[in-house]
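Asks: Got a structure for you, written out below as structure tokens; questions coming shortly.
The values are calculated or read from the model by the stated rules, or taken from the named source; none is laboratory data. Bear in mind the structure is a predicted one, so any value in this text is a computation, not a measurement. Note: ideal-geometry Cβ built from the backbone for every residue, glycine included; neighbour counts use all protein chains shown. These area figures cover heavy atoms from the full protein model, side chains too; ligands, DNA and RNA do not enter into them. Shrake-Rupley method; radii C 1.70, N 1.55, O 1.52, S 1.80 Å.
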Amino acid sequence: MAPELVIAVDRIPSEGWSASFDLRSEQADAIARDRGWPRVDWVSGPEGNTRVLRSGGDVFVTGEVRAVVRCTCVRCLEGHERAVTEAFHLTYVTDIDATPGEHELRPEDMEVEALPGDTVDVAGIAVEQVLLALPDHPVCHPDCRGLCPVCGTDRNRAPCDCRAQTPDPRLAALARWMPSRAS
Ligand SMILES: [Zn+2]
Ligand SMILES: [Zn+2]
């Protein structure tokens, strides 16, 4: 990882520190793998910029990240590209210069994280923000018709007449039988 994308908290200048980043897909892959995060199919790796400010032991990281990831639609199982643009505002606490009462933001007051190793890893933050922005159940299009549960046809490509057919009488009999067994 490029060293300029990691800064130690005690080296953040008083006016703040800025960095821009443009990670290759392989770099983003390696970062996610090192941290045990889910693997995603990067079309273009995270790029954007960040600004890091420090106030006593508190560290504020803001910025914006953009990336394109290939996702699989949960309805039709087709791959599709998803562009992510995410602004982030993160607060971390460190033990540096922490004297009682100094923190403006206390961990118990706000959702803040401790900063591992007292360093800000911009590349790791960028990858994490993209992963957090991805939907749990991606769909290729809000109107995706998905696969027919009966015949498996991709209904975006070809209609099927499963719904028009009358149910198989043997299945209808089974449907009547199942609830009575369950009760
Ligand atoms: Zn779909
Ligand atoms: Zn069908």
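Asks: How much accessible area does residue 20 have with a 1.4 Å probe, in Å² rounded to the nearest 10?
Replies: 90
Asks: As an exercise, identify the GluC sites (Glu not before Pro) in region 1-81 lying in DSSP coil whose Cβ has no more than 10 other Cβ atoms within 10 Å. Walk me through the intermediate numbers first.
Replies: Values: sites: 4, 15, 26, 47, 64, 78, 81; in loops: 15, 78.
Here the sparse-neighbourhood loop sites are 15.
Asks: Using a 1.4 angstrom probe, figure out how much accessible area region 3-133 has per residue, in square angstrom, rounded to the nearest whole.
Replies: 55
Asks: On to the next question. Check each of the trypsin sites (Lys or Arg not before Pro) in region 1-50 and keep only those in coil by DSSP with at most 10 other C-beta atoms within 10 angstrom; list them in order. Numbers along the way, then the final one.
Replies: Numbers: sites: 11, 24, 33, 35, 39; in loops: 24, 39.
Those satisfying the criteria are 39.
Asks: Using only the heavy atoms of the protein chains and a 1.4 Å probe, how would 143, 154 rank by accessible area, largest first? If you can, show how the numbers build up before the last one.
Replies: Working: 143 115, 154 25 Å².
Per-residue accessible area, sorted high to low, gives 143, 154.
Asks: Indicate, rounded to the nearest 5 percent, the antiparallel portion of the DSSP beta bridges found entirely in region 3-133. Write out the running numbers ahead of the final one.
Replies: Details: 36 of 38 bridges.
About 95 percent, rounded to the nearest 5.
Asks: On a 1.4 Å probe surface of the protein chains, which of 18, 44 comes out largest in accessible area, and what is the full order?
Replies: Values: 18 70, 44 50 Å².
Descending order: 18, 44.
Asks: In addition: R0 = 30 Å: FRET efficiency of residue 18 with residue 68, Cβ-based, nearest 0.05? Walk me through the numbers on the way to the answer.
Replies: Details: r = 24 Å, r/R0 = 0.80.
It comes to 0.80.
Asks: Then there is this: Counting only protein chains, not ligands or nucleic acids, how are 17, 37 ordered by accessible area (probe 1.4 Å), most first? If you can, show how the numbers build up before the last one.
Replies: Values: 17 45, 37 70 Å².
The most accessible residue leads, giving 37, 17.
Asks: Something else: Using a 1.4 Å probe on the protein chains only, how many percent of the accessible area of region 3-133 belongs to carbon and sulfur?
Replies: Details: 3340 of 7200 Å².
Roughly 46 percent of what the probe reaches on region 3-133 is carbon or sulfur.
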